[in-house]
1. Determine the gain in length on full extension of the stretch residue 42-residue 30; use 0.36 nm per residue of separation and subtract their C-alpha separation, reporting nm with one decimal.
2. So what does the Cα-only Debye profile of region 3-59 read at q = 0.17, 0.22, 0.24, 0.28 Å⁻¹, as log10 I(q)/I(0), no solvent term?
């Protein structure tokens, strides 16, 4: 199942949106419906994560 990195407009955002926990403006989701909801309704950016090494790089911060 593909995983998506969701990025908010604010890199300091820590909170929950649509049931997804964000830390430092980033979250990882597997559900394509949730990904589309966050992109369309909130204007967040979604990037496909191809492998675990890339996932760790994205989650390590800015």
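1. Values: separation 12, 0.36 × 12 = 4.32 nm, distance 1.76 nm.
Value of the extension gain: 2.6 nm.
2. -0.46, -0.79, -0.93, -1.23
We did not get these values from a lab; they are worked out from the coordinates using the rules stated. Please read all numbers here as calculations on a predicted model, not as lab measurements.
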